[in-house]
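See below for the structure under consideration.
The values are calculated or read from the model by the stated rules, or taken from the named source; none is laboratory data. Since the structure is predicted, the reported quantities are computational estimates derived from the model, not experimental observations. Note that each Cβ is placed from the backbone with ideal geometry, even for glycine, and that neighbours are counted across all protein chains shown. Each accessible area value is taken on the protein alone, full model and side chains, heavy atoms only, with ligands, DNA and RNA left out. Shrake-Rupley method; radii C 1.70, N 1.55, O 1.52, S 1.80 Å.
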Amino acid sequence: MSLSVFLEVVELRTKVASVFPFIMGVLFSLVYFHEYHPLNTLIFFLGMLVFDLTTTSINNYMDFKKAKSDTYKFEHNVIGREKVPETVVRNMIFGMLALTFVIGLYLTYATGWLLLVMGGVVCFIGVFYTFGPIPLSRMPLGEVFSGFTMGLGIFAITIYINTVEQKVFYLALDFASGTFGLVGNLWAVCAIVLASLPLVFTIANIMLANNLRDLETDIENHRYTLVYYIGRQHGIQLFQGMMLASYVVLLLGFLFGIFQWPILLVFLSLPKIRQNLKAHQASLPQPKSFGYSIKNMILFNSCYALGLFLCFLWQMV
């Protein structure tokens, strides 16, 4: 398998959805908890990226295996089009999963048992999101799984590995006595959840935009997503509502003292976001409608990251 084919199988260009929660987690650790561990952060980023590449590879492999159309299987799917042997793809997937597992074990040793639990849950959802007889992505809760797994899961794990001194949330485990206890700071955890919601909403909107676009095709293929149950019109309202709710969350975070005033600069992106929302609704169900969810996620979260960085600089003054 050539490097160009490998990059197409793992779809490296699509990894922005997992990079944003990581970046935001690092910045929030600096701004809110004033703690940062660069080595753990770098190692986790490697593990996160490898696992994201793995789940995309699984998705492409399962699409190839389950394809009912030879046109799709051998012309559109990269595995069939490039005649990549199935054994090569499977070995690549198992190899990346093994590397992710080794990285997870090291970080568990370095930071605590809770990482193994959180990482295990995220990896389970990541694998079975597209794998198995009934993938999670084909269920009405696909948006929930994708949004919370990446938006909250990656964000919270990034904060966890950077706050080992403070033990914001920590799992104490004693094998000798067989006892365990989960301890942490309730208000700190609430702040983490609140700060993650814009990530949850904007990532869930990517899945929702895909399902809004493909409603008729999904029904033909017996794929019953959330949009099938609530209808396209209500789906559009949900799409717009989650995007606008991201601004409300940051305003609440500012009022509760979680963020400083520079975070309000995110509101400068609101006019363009509103324009994209109108364009998205007008373009449905055309293929280009999906692109507006990516544009909104990148624009909003870039401003969010900039706002957090400016909060950090403001604290340094």
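Some notes on this structure:
- Pairwise FRET efficiency - Glu86 versus Met139, Cβ, R0 = 35 Å, nearest 0.05: 0.85
- With viscosity 0.692 mPa s and temperature 37 °C, the Kirkwood radius over alpha carbon pairs of the chain converts through Stokes-Einstein to a diffusion coefficient of 158 µm²/s.
- Inter-part distance where segment 244-298 and segment 169-222 are each reduced to a Cα centre, Å: 20
- Solvent-accessible ranking of Glu220, Glu143, largest area first, probe 1.4 Å: Glu220, Glu143
- Accessible area (Å², 1.4 Å probe, nearest 10) - Lys288: 120
- Label-point separation, Ser283 to Val189 (7 Å along Cα→Cβ), nm: 4.1
- Ranking Pro271, Gly257, Pro198 by how far each Cα lies toward the positive end of the dipole of segment 185-316 (charges on Cβ) leaves Pro271 at the top.
- Efficiency of FRET between Trp314 and Val19 - r from beta-carbon atoms, R0 22 angstrom, step 0.05: 0.35
- For segment 110-219, a simple Cβ point-charge model (Lys and Arg +1, Asp and Glu -1, everything else neutral) yields a dipole of about 120 debye relative to the Cα centre.
- Using Cβ point charges alone (K and R +1, D and E -1), the dipole size of segment 196-317 about the Cα centre works out to roughly 280 debye.
- When only Cα pairs below 8 angstrom with a gap of at least 6 residues are kept, segment 16-114 shows a relative contact order of 31 percent.
- Computed over the chain, relative contact order equals 19 percent, with contacts defined as Cα pairs under 8 Å that lie 6+ residues apart.
- Relative to the globular-protein estimate of 2.2 N^0.38 Å, the Cα radius of gyration of segment 1-93 stands at 1.39.
- Diffusion constant of segment 185-316 at 10 °C, which comes from Stokes-Einstein with the Kirkwood Cα-pair radius and 1.306 mPa s, µm²/s: 101
- For the chain, adding -39500 (n - 2.57) for each run of n ≥ 4 DSSP H residues and dividing by the number of residues yields -22000 deg cm²/dmol at 222 nm.
- Computed magnitude of the charge dipole of the chain (debye, nearest 20; Cβ of K, R +1, Cβ of D, E -1): 600
- Across segment 123-282, C-alpha contacts under 8 Å between residues 6 or more apart give a mean separation that, scaled by the residue count, equals a relative contact order of 23 percent.
- Percent accessible area from carbon and sulfur atoms, the chain, protein chains only, probe 1.4 Å: 70
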